[in-house]
Amino acid sequence: MIPTERALLAARVHAFVDGSLAGMPPEPFERLLLDLHRWQAAHDPVAAALAPPEVAAWTDVPAVPVALWKQLPVGTVKDDAPVVFRTSGTTGGGRGEHRLRDTALYDHGALAWARRCVPDMPGDVVALLEDPAVAPDSSLSHMVALFPRGGGRATWHVRDGELDRDGLAARLRDAGPVFLATTAFALAAWLQADPDPLPPGSLVMVTGGFKGRRLALSDAELHAEAEARLRPRRVVVEYGMTELSSQLWGTPGEAYLPPPWLRAVAVDPATGTPRPPGQAGQLRFYDLCNLDSAVGVETLDEGVVHGDGAVTLHGRLPGAEARGCSLPLEGLVERGS
Amino acid sequence: VTLVTLERVLAWRDALRADAAGAPDVGLSRPGLRLVLDAALDALDARALATAVDLGGAPFEAATFVAARTVVTAPIEWLAVLLGRGTRVTLKHPAGAPGLAPWLAEHARRLGLPLVVTDRREAVQGVPLVIVMGDDATVAEVRDAVAPDVRCLGFGSRVSLAWWPLGDVAAEAAALARDLAAHDGRGCMTPSVILTDRPDEAADALAAAMSEAEARWPRGEVTPAEHAALRARTALARATGRVIEGPGWGVHVVPVGLIDPVGLPRAAQVVGLGADGAPPPSVLRWPLSVVGVPRGWVDAPDVQRRFGPLAARICTLGAMQRPDLLRVHERGLDHWRATGRGGPSAPAEAR
């Protein structure tokens, strides 16, 4: 009886989100994660196949490699999924799919953590992203569409992969403070057009999204240029993946903060063994809001998980530019959202 | 071509073989490097080399070989033929990744052979012949960078496979394990997919052979991204097929619909053929390099019909990574001819 069990688990996750934000989680993260995994393993052949014979601790829960999300239907929802978020597929290797029965938990967690991390977020949103009405499978657009508040609205300024500069300029003319949500790539493209400063009091959110394209600027340079040209009140950064329901937020140059319902683990890429806090490794995430898919996700990113759970990103795992003349590995690695 | 020049090239070959222990670290284990060095140097027998240098008419006076992304021994046969003709050669390697290049050049210098190495991009300018091995984007970039009258031969990424209707299972598994061990699976002649009519039997036999191969030629360095990809391949096989693995090697049985053309270090991807023995259509769309088949099958009509029009070379298992010097490189095209002034001007574009 998937619906009943799922509803009970969804209620527990919902309560965990609310309770943990209030400093009083209703139950331990570990217990809820293990219950979610057991339910997923009972209903998803992929989770069942990857689980070790005995899952005693939360770190025993398998993290499904992102490559598998492109190859197999990961999770308890199969071909009849009401909601499907897809990776962009811009670097080859097909598109990964994150299937959900609904977005209630996704929306609740994403919005709650964004509000906590960016309490001064203006209610009007200007997104250098595809309109979710046009790209309903973009998890990033879906998340940003949650942000308007107080009578504000969201406008979308990427069409068919191209930045809509005229529409953007018109939108910002005479506007009040806005929350500018953008991928790094779109922001770099916009900055090349020498834009006017944003309306006073605006904020800029930059998220990944290089997707195999080479950018002339480093993250630090991009953020500095955005500060200098757009003169926002501040720049914030966000890290998310199509395969995750929850996101990490931060300030440029500092570690990303995961919500209490998302834990990061850095593992030895060779063995998958967790590394101690402070040591760089391949990042895995355990996301309680990934109810319908897989609570554990193994990324292709490298980073450091600090003692307080915050994450410093280093970028892609090194060595994708394979040696030899076989087909390159790098064509098959891709970051979602 | 003078006998003296040829003799110097053969002396260069012998010097490389004698100094194999002095070859720089290239990420392979020492026995693994020895395996591929021996294969490359064994191909340079005197008769074959003499024949090859005579192909293509008058030699170019100078050439640049761009080893942008290829296996470390790939330049050796090209250098041997070009140097054997008296062509001055510049070997351009990636910045910070010289591979064997300085070692090859030092031994050439000692014998008076005109081989120099560089990491400068400008090396492709001012020479009448450029050979480039790299990913497709690099090949295109070099083509665009050279003058129109320069002969530019480009070799992009390729995929190889083994077609293995089981016969003498143990012997063939050992041969296949050798093909998989060479270059740790990173070469375009590595069988990245093994097609067989009995996947479980093949996997068991191959696992035993790969374990032995690992003991004989241990796997070298594996990058973090490769480790991650190996773990993903293992997870895929665990979820959909079967996994047999040991320290430094793995055999993954996966369904036809989930074949991945990317070869991973010491990872055998075993796929079951349908009842008709036909390779899956997706495989036939890959840019095929070598097809390895069991002994006695190379000229079989079935093999020639299936793979003859697609593969650059069909050979027995165990010889996939040991190409003869004299061979058809690319479906009816012999590149030794193209590296002489009288050869076809752009054979690589014909593929």
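The values are calculated or read from the model by the stated rules, or taken from the named source; none is laboratory data. Everything numeric in this text was worked out from a predicted model, so none of it was measured. Don't worry about glycine lacking a Cβ; one is built from the backbone with ideal geometry, like all the others, and counts go over all protein chains shown. In case anyone asks, the SASA skips ligands and DNA or RNA and just uses the protein heavy atoms, side chains included. Shrake-Rupley method; radii C 1.70, N 1.55, O 1.52, S 1.80 Å.
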In the stretch B:15-44, the residues that are assigned to a loop (DSSP other than H, G, I, E, B) and loosely packed, with under 15 Cβ neighbours inside 10 Å: B:D19, B:P24, B:D25
Mind listing whichever residues of the stretch A:249-277 are open to solvent by less than 70 Å² (accessible area, probe 1.4 Å), closer than 27 Å to A:M143 by Cβ and over 16 Å from the mean Cα position of the chain (by Cα)? A:P252, A:A266, A:V267
Out of (1) out of contact with any strand residue (DSSP E or B) (no Cβ under 6 Å at 6 or more places or on another chain); (2) hydrophobic (A, V, I, L, M, F, W, C); (3) open to solvent by 10 Å² or more (accessible area, probe 1.4 Å), the one A:A280 does not meet is (1)
Residue by residue through the stretch A:294-320, note down the ones that are polar (S, T, N, Q) and within 12 Å of chain B (Cβ to nearest Cβ). A:T299
Restricting attention to the stretch A:51-73, which residues are in contact (Cβ under 8 Å) with a residue 24 or more places away in the chain and either within 14 Å of chain B (Cβ to nearest Cβ) or on the phi > 0 side of the Ramachandran plot (or both)? A:V61, A:P62, A:A63, A:V64, A:P65, A:V66, A:A67, A:W69, A:K70, A:L72, A:P73
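Yes/no per residue for (1) in contact (Cβ under 8 Å) with a residue 24 or more places away in the chain; (2) farther than 18 Å from B:P294 by Cβ; (3) at the interface with chain A (Cβ under 7 Å from one of its Cβ atoms):
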site	(1), (2), (3)
B:C188	yes, yes, yes
B:E201	yes, no, no
B:M210	yes, no, no
B:T223	no, yes, yes
B:A229	yes, yes, yes
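For the stretch A:240-256, check the following and say yes or no: at least one residue is small (G, A, S), within 14 Å of chain B (Cβ to nearest Cβ) and out of contact with any helix residue (DSSP H, G or I) (no Cβ under 9 Å at 6 or more places or on another chain).
Among the residues of the stretch A:240-256, not one is small (G, A, S), within 14 Å of chain B (Cβ to nearest Cβ) and out of contact with any helix residue (DSSP H, G or I) (no Cβ under 9 Å at 6 or more places or on another chain), which makes the answer no.
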Which helices (runs of 4 or more DSSP H) sit wholly inside the stretch A:123-209 and have at least 1 residues that are more than 22 Å from A:S246 (Cβ to Cβ) and open to solvent by 50 Å² or more (accessible area, probe 1.4 Å)? A:165-172, A:184-191
Neighbours by Cβ (under 8 Å, 6+ apart or cross-chain): first from the stretch B:83-98, more than 14 Å from chain A (Cβ to nearest Cβ); second of a type in the set (S, T, Y) and assigned to a strand (DSSP E or B): B:V89/B:T64; B:T90/B:T64; B:T90/B:T118; B:L91/B:T64; B:L91/B:T118; B:K92/B:T64; B:K92/B:T118
Can you report the number of residues in the stretch B:256-279 which are under 20 Å from B:A312 (Cβ atoms) and more than 14 Å from every other protein chain (Cβ to nearest Cβ)? 1
Among B:G272, B:G257, which is the only one that is open to solvent by 50 Å² or more (accessible area, probe 1.4 Å), out of contact with any Cys (no Cβ under 8 Å at 6 or more places or on another chain), modelled with pLDDT of 85 or more and within 20 Å of B:D200 (Cα to Cα)? B:G257
All but one of (1) over 18 Å from B:L258 (Cβ atoms); (2) surrounded by fewer than 18 Cβ atoms within 10 Å (Cβ to Cβ) hold for A:P45; which doesn't? (1)
Kindly state which strands (runs of 3 or more DSSP E) lie completely within the stretch B:151-234 and contain at least 1 residues that are open to solvent by less than 10 Å² (accessible area, probe 1.4 Å) and at pLDDT 95 or above. B:159-164, B:191-196
Could you grab me the full set of residues in the stretch B:135-150 that are in a helix (DSSP H, G or I) and within 12 Å of chain A (Cβ to nearest Cβ)? B:D136, B:A137, B:T138, B:V139
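Yes/no per residue for (1) at pLDDT 95 or above; (2) out of contact with any Gly (no Cβ under 8 Å at 6 or more places or on another chain); (3) buried (at least 22 other Cβ atoms within 10 Å of the Cβ):
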| position | (1), (2), (3) |
| --- | --- |
| A:D18 | yes, yes, no |
| A:L33 | yes, yes, yes |
| A:W39 | yes, yes, no |
| A:A51 | yes, yes, no |
| A:E54 | no, yes, no |
| A:A63 | yes, no, yes |
| A:K78 | no, yes, no |
